[in-house]
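Worksheet: the structure to be examined is printed underneath.
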Amino acid sequence: NNLDLSGLSRIRWATKTSGFNVVRPVVKLTDGTMLVADYAEAHVPMVTQTEFSLSGMRWLKLDAARAVTVAPGNSNPAGTALGANETWVVNPDLTKVEEFGFANLLPSSGHGTGGYIQVGNIEVYAKPVPR
């Protein structure tokens with residue numbers, strides 16, 4: 001099944017971070033588009049379980065190979081050009097989510113306590129959508 005993460009759906013996860021690193025939700029839509037939310041969790045120095053809804057979040061397109069955000073394109077759904085700072089994806093369809101995950105957009109230190117994210121269990125509460 002795919003996921004409908006709109007409306008009353010929610011995510012529960014356990015996270016821990018170090019330095020300026022944060023954990024952000026990521027969705028992969030059924031058309032292959034990957035999006036990262038403006039929501040971030042930062043819990044230093046202990047693992048903390050939190051629960052949140054994806055409704056009302058703003059989203060940026062994600063290049064997963066490079067772990068960077070990219071502009072969604074040069075026009076909005078109405079066909080008019082976007083300004084230079086208009087990088088948010090307008091009204092993404094969260095009723096057609098193929099995968100849910102997380103990202104840290106800040107480079108980590110590679111080893112030790114200089115900077116990292118730790119993600120424990122992830123629970124996704126959503127409506128199933130047949131493929």
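See the values below:
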| quantity | calculated |
| --- | --- |
| Neighbour net charge for S9 - beta-carbon separation under 12 angstrom, K R +1, D E -1 | 0 |
| Peptide ranges 92-104, 40-52 listed from the most packed, as the mean C-beta count within 10 angstrom indicates | 92-104, 40-52 |
| Among (1) 15.7; (2) 16.2; (3) 14.7, the entry that matches Kirkwood radius over Cα pairs in Å as calculated here | (1) |
| Distribution of pairwise C-alpha distances over region 15-54, 5 Å bins, in % | 6, 21, 25, 21, 14, 9, 4, 1 |
| Under 12 Å, Cβ to Cβ, from L105 - net charge with Lys/Arg +1 and Asp/Glu -1 | 0 |
| Charge sum, other residues only, whose C-beta stays under 13 Å from A40's C-beta, Lys/Arg counted +1 and Asp/Glu -1 | 0 |
| ³J(HN,Hα), Karplus 6.51/-1.76/1.60, whole Hz, each residue of region 114-124, x for Gly, Pro | x, x, 6, 10, 10, 10, x, 6, 10, 10, 10 |
| Farthest positive-ward along the chain dipole, Cα basis, beta-carbon charges - from I117, A37, V70 | I117 |
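Every number in this text was worked out from the coordinates using simple rules, so none of it is lab data. Everything numeric in this text was worked out from a predicted model, so none of it was measured. Neighbour counts run over all protein chains shown; Cβ positions are idealised from the backbone, glycine included.
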